[in-house]
Amino acid sequence: MSARQTRAAAAKGMAMNLTGEKINRQLLKLADRPRPDWSRESLLLLNGEWEYREDGLGVGRLDRWSDARAFDKTIEVPFCVESEASGAAVKNPSRVVWMKKRFRVDSAFRRGRSLILNFGAADYEARVWLNGKYLGSHKGGYSPFSFDITETASAGENALAVRISDSRDPRIPRGKQTFLHKPFSIFYSTVTGLWQPVWIEAAGLTRAAGARVDSDPDEGRVRLSVDLEGPEPPAALRVSSTLPSGKAFSRTFAGGELRMEGKKAQVEFIVPEVETWSPDRPRLNPMKIELMDARSRVVDAVDSYFAFRTVAISGGRILLNGKPLYQKLLLDQGFFPSGHYTPVDPAEFRRDVELAKAMGFNGVRKHQKIEDPRSLFWCDALGLLVWEEMPSAFLWSAKMRGALESQWREIVARDRNHPCIIAWVPLNESWGVNNLIFSSAARDFVARMYDITKEMDPTRLVVDNSGFEHVKTDIVDLHHYLGTAQKAREWHAKLRDPKNMEFDYANLLRRLNPAESAVCPLAPGVKYEGQPMLVSEYGGFGFYKAEDKSLIENFRDYTLAIAEEDIFQGYCYTQFYDTEQERNGLLNFDRTPKIPLEEIRAVNEEAGRIAAERDKERGRNRNG
């Protein structure tokens, strides 16, 4: 066995040892569905081979490529055009590509029901036709969209055509996708096309289109607000679950208990058995939502789940379920061998969660990508905290601001019910708002993105502009790539004085040499207000300049330099695995470890022990 095979076997063994979490069978059956957190049993998956054609001259619409004629090439969905797994592997595809799928709908599938066509994500602008009829369009490479095709789908064969236009426009949210013709620095290959699943669901004529779940573990109270579509409201709504003891739980709401506000049905109930969700005990509660008519017949049913857990700040500290939370995070950019944004085998979503936990981390900062819901399901089910971060645009403009805000709203709405997500991050390192140093309008936009996020979800923490130059934030998180651990310690010590966190114009020059100086934590005119602090980027060994030591030595020195400083409540190491030309991961791109996983875990456990001892000492000081 080669050294690489030995490392791979060790990684697999360690990961498999972490699969002892007891996951309810009702939840496991959701894992392979396109959207485990919101799914119907009757679905038709449209993944697989599609017809494909590039439209370099932009003539497809005029020549009616949306009709039933066949294209001469094929592509595998859901993989972007640039990826090997797509079968196309076109590194610089035309600005416009077309994809076409032929499928059959049998009469039993559609009888008396609505048919909803769902797209997980299409980068960047999609226009959709079914059987030659135009259904509509969607802009945004990371958020879902759907169409009601009940009247458009035919019994028998159907032809679905999708025109996708993309560009290297720096004014649109693109994350780590290069805006040049090739990858460079920390920017990678582009993503064009359908990179998440496409499927059709058979729903009720009156149907649940989405839901918001708020839970209170102290009382066991759950507030459920269901978005409705259809010609008339339901007469009743039933919620079913399984309690931690295994007992079935069900409540039916009708009359005054079923509150209707426009197109929303709202109910509230008490769960008699409560276990909170945490990385150590990721307790999920399966939930079936059923809409019923006046004769008590079920007209629509959706499988989902919820959890009891709280995230809060008290006394400048982050609390999970009322207890101090020390975060040990990995920067995770969500790239996969061969599939680029999409794993060739969906089981890789689970494997990544298990590998992160095997190394002793309790969370990830999903960096510049909105992840597939199947990935978030495994973070929920196996217990991995998530910071969800909006992919950035890079050029300040009205187009940038409008695109970022509208797409971020769609993303927060999709992912709001995932218990693993504890922080929203609408902006990163002033990308797209680099002018905020001189522009009050840019600073106002940063504050607006914070306010929008907080309005949509007041239950989580919001990091306005990850890394530095914070305007309005719940956490002051910091990025640094200082050349030695000693320089990091010296900078950490300076931050004990809030004056040293305030903006300094001299920093504009110092930031040109990141190995010597970190960027100011706060934007011009902003004062520190006692928020929790966390180093959410450091390391990058192998890509950024650091001491001439082994990877594990540098990881230990820099990590413990953070853990030993009591002003911080955690860290996020850069990064999980190598990604294209950025070779600075703890793992290789194929997820084989560069160093034994148990050595990484030992450092994280030492950091956690230091933080726990400090918490105990604080408690003794308060009580004594």
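Unpaired Cys in the chain, meaning no second Cys C-beta under 4.7 Å: Cys80, Cys520, Cys572.
Specify the angular offset, from 0 to 90 degrees and rounded to the nearest 10, of the alpha carbon long axis of helix 597-623 from the longest principal axis of the alpha carbons in the chain. The angle comes out at about 70 degrees. What the Cβ-Cβ distance of Ala515 and Ser185 gives, at R0 = 22 Å and to the nearest 0.05, is a FRET efficiency of 0.90. Bridging of Lys616 to lysines at a Cα separation below 23 Å is possible for Lys323, Lys328, once same-chain residues fewer than 8 apart are set aside. Distance between the modelled labels on Arg295 and Leu508, one decimal in nanometres: 7.4 nm (7 Å Cα→Cβ projection). Helix-only arithmetic for the chain: the sum of -39500 (n - 2.57) across DSSP H runs with n ≥ 4, divided by the residue total, places the mean residue ellipticity at 222 nm at -6500 deg cm²/dmol.
Averaged per residue, the chain has 39 square angstrom of accessible surface, using a 1.4 angstrom probe with ligands and nucleic acids left out. For the peptides 491-504, 220-233, residues were scored by their other Cβ atoms within 10 Å and the scores averaged per peptide; the highest-first order is 220-233, 491-504.
Computed from phi, the 3J(HN,Hα) profile of the range 38-52 under the Karplus parametrisation 6.51, -1.76, 1.60 (θ = phi - 60°) reads 7, 8, 10, 5, 8, 9, 10, 7, 9, 5, x, 7, 10, 7, 9 Hz, with x in place of Gly and Pro.
If both residues of a DSSP beta bridge must be in the chain, then about 75% of such bridges are antiparallel.
Excluding residues on the same chain fewer than 8 positions from Lys454, give the aspartates and glutamates whose Cα lies under 12 Å from its Cα. Straight-distance partners of Lys454: Asp464, Asp474. Applying both filters, DSSP loop and at most 10 other Cβ atoms within 10 Å, to the GluC sites (Glu not before Pro) of the range 267-361 eliminates every site.
Restricting the GluC sites (Glu not before Pro) of the range 86-172 to loop positions (DSSP other than H, G, I, E, B) with no more than 11 neighbouring Cβ atoms within 10 Å leaves Glu151. Near Ala235, once Lys and Arg are set to +1 and Asp and Glu to -1 for all other residues with Cβ below 10 Å from its Cβ, the sum equals 0.
Estimated at 0.36 nm per residue, the fully extended path between Ala31 and Ala89 surpasses their Cα-Cα distance by 18.1 nm. Once you have a ≥ b ≥ c as the square roots of the Cα gyration tensor eigenvalues for the range 495-535, tell me rounded if a/c is under 1.5, and otherwise prolate or oblate according to whether a/b is larger than b/c. Oblate shape, in that a/c is at least 1.5 and b/c is the bigger or equal ratio. Rolling a 1.4 Å probe over the protein heavy atoms of the range 24-135, with every protein chain left in place, gives an accessible area that is 45 percent carbon and sulfur. Defining a contact as two alpha carbons under 8 Å apart and six or more residues distant in sequence, what relative contact order in percent does the range 356-493 show? Answer for the range 356-493 is 19 percent. The trypsin sites (Lys or Arg not before Pro) of the range 248-281 that meet both conditions, a loop assignment by DSSP and at most 16 other Cβ atoms within 10 Å of the site Cβ, are Lys263.
Shape of the range 92-221 from its Cα gyration tensor (a ≥ b ≥ c, root eigenvalues): rounded if a/c is under 1.5, otherwise prolate when a/b > b/c, or oblate? Note, shape of the range 92-221 comes out oblate. Think of each Lys and Arg Cβ as +1 and each Asp and Glu Cβ as -1; about the Cα centre, that makes the dipole of the chain roughly 620 debye. Relative contact order of the chain: 12 percent, from C-alpha pairs under 8 Å at least 6 residues apart in sequence.
The values are calculated or read from the model by the stated rules, or taken from the named source; none is laboratory data. Everything numeric here is computed off the predicted structure, so don't read it as measured data. Quick reminder, even Gly has a Cβ in these numbers, built from the backbone with ideal geometry, and neighbours come from all protein chains shown. With ligands, DNA and RNA removed, areas are computed over all heavy atoms of the protein, side chains included. Shrake-Rupley method; radii C 1.70, N 1.55, O 1.52, S 1.80 Å.
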